Amino acid sequence: MFESFCALLLRLYPAAFRRTHGSEALLLLRDRARHERGLFRRVRLLMDLAIDLGATSLHGWQSSRPLLARVDGPPHFEIIDSYRPGPTALAAGILATLLMFAAFTLLLRPKPLLKALAYFSEQSDAETPGPDANHARQQVTGLEAVGVEPDVAFAAISIKPARSSDPREMRMRVLPNGDLSASALPVIWLLPYAYDVPVNPSPRLSGLPGWRETYDIEAKAPANAVPLDLPAREKRRRVQGMVRRLLADRFKLVMRGELNTMPVYALTVASGGPKLQKSTIEEDSCIFDTGTRESCHYFVVGRGHPLNAKAINLDDLALYIENWTDLPVMNRTAVSGLFTVDTDGWRPMRLPPPPPGVPAASFDDLPTIFSVLRTLGLELKQQEARVPVYTVEHIERPQLDEGGAR
Amino acid sequence: MIDMPKDKLNPLPAAAFQILLSLADDDLHGYEIMRRVEAQTDGRTRMGPGTLYSSIQALVDAGFIAEVASPREEAPNDARRRYYHLTTVGRRAARDEAERLVGVLRVAREKKILRRGDV
């Protein structure tokens, strides 16, 4: 087979050479292939052949060499020397070809070629990034990695230092049209809203910054950013997109998201069916507001984190209880709509450590979350699932606005 | 005496000189020439078919070597082998080249580039 391969390579030689010495050359190659065995010798043979082929092609082949001044016979002309392109001419030809190709690319700008150039340019940046290029790339990477649509953005944003540092003043509102208003809000509270992750320390969100500055934020959504006739999930997704964009643009957030397989609790309907009360608030008039009991998609805080809300869906429920369960919680009920819930508090499965000097709270008198959910006709079943896990790779304190929306 | 072509064989290229030397004792075909040249140069020169046969063609055209009938009984598969013989002109050309190289050696020794014991 190796001999056949060498014979095949012989076909690359100039036709004139093959006509004159083809059969001899074939015998020579076969002799060498037969006698030079072993990997090293075979590789050496192929290299010799490649070099010889290049030299023969470069210098050309003539079946006969001219003779000088034959004095016998009738007067006639002999070609004393024949011209073949030298290395300089070949180099000039290659350069001219490259220039023509570059001119073609620039003038006509064929799209596939530009895409290929952009691709290789990105690869080159990845290998040798400069500081600014790297930061910009990270911004794009952060947006793309978590599926943010680059075109979805608040039309106007104002971020100022919080007028009050009292945590009781913390409040966040999202209107049905997508406008966002927040006071005394630490940035870590925007992350759970934007990415549907628990605000409590969670295995699904890591890399949070240690700084706890709070801000007053006013963000105006563009006209018709969240049409009223959209399904509830799509409305939320659009607002989340704008908040993610705000975080990326103003806080230079780079968030890496990946799907990991891990044990979870699946929120499911119990055998007796759901026992949920429909909310009187319609989705179209929903206002997310942490400062009022009449809020949509928000639980009122209480001892043991009772499930107390005017208008929540079961996605909200799963996300809320995940703050204190020992595993992530996924809504697998397929039950849609807004519901009013009001249960007892329950014994958290995990709690962050209390502040220094503050004794740990006790919740031993409270029922488990499993009992509380059963009163709603729901239950938690342990399963394996692929869940989104986020890591904050980069975040900065924002450039603050002195006055008015930016 | 036929004038030597002045383009490519004066002075003799190294490959052509080695081919003439290889044919000094025997008539050989192409592969044998290649192997003998490799042995003469301690493995430094291995000619591919293009280089070998272009050199052989130039030497044939110059009359330094000539194609001859096979000196031995060939197997049926090898009937296509072409054997080459060093002509008188070729032998003279090889001697001229060797004498030129001797002169070069002498200058190298005089300049103490080479010592007598080196070659």
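Quick notes on this one:
- Single unsatisfied condition, residue A:255 versus (1) outside any strand (DSSP E or B); (2) touching a Gly at 6+ places or on another chain (Cβ under 6 Å); (3) not small (Gly, Ala, Ser): (1)
- The residue that is nearest to the chain's Cα centre (by Cα), counting only those in the range B:31-48 that are in a helix (DSSP H, G or I) and over 19 Å from residue A:24 (Cβ atoms), is B:40.
- One residue from B:19, B:65 being modelled with pLDDT of 90 or more, under 20 Å from residue A:48 (Cα atoms), crowded, with 24+ Cβ neighbours inside 10 Å and more than 12 Å from chain A (Cβ to nearest Cβ): B:19
- Of all residues making up the range A:299-352, the number that are more than 15 Å from residue A:269 (Cα to Cα) and either surrounded by fewer than 20 Cβ atoms within 10 Å (Cβ to Cβ) or not aliphatic (A, V, I, L, M) (or both): 31
- Flag if residue A:207 is under 27 Å from the mean Cα position of the chain (by Cα), modelled with pLDDT of 60 or more and crowded, with 18+ Cβ neighbours inside 10 Å: no
- Output for the range A:23-44, where each listed residue is surrounded by fewer than 17 Cβ atoms within 10 Å (Cβ to Cβ) and within 12 Å of another protein chain (Cβ to nearest Cβ): A:23, A:34, A:35, A:36, A:41, A:44
- Selection from the range B:29-43 of residues that are within 10 Å of residue B:84 (Cα to Cα) and either more than 13 Å from chain A (Cβ to nearest Cβ) or in contact with a His (Cβ under 9 Å, 6 or more places away or on another chain) (or both): B:30
- The lone criterion from (1) at pLDDT below 85; (2) part of a helix (DSSP H, G or I); (3) more than 7 Å from every other protein chain (Cβ to nearest Cβ); (4) out of contact with any Ser or Thr (no Cβ under 7 Å at 6 or more places or on another chain) left unmet by residue A:53 is number (3).
The values are calculated or read from the model by the stated rules, or taken from the named source; none is laboratory data. Because the structure is a prediction, the values reported are computed rather than measured. Heads up, the Cβs are rebuilt from the backbone with ideal geometry, glycines too, and the neighbour counts pull from every protein chain shown.
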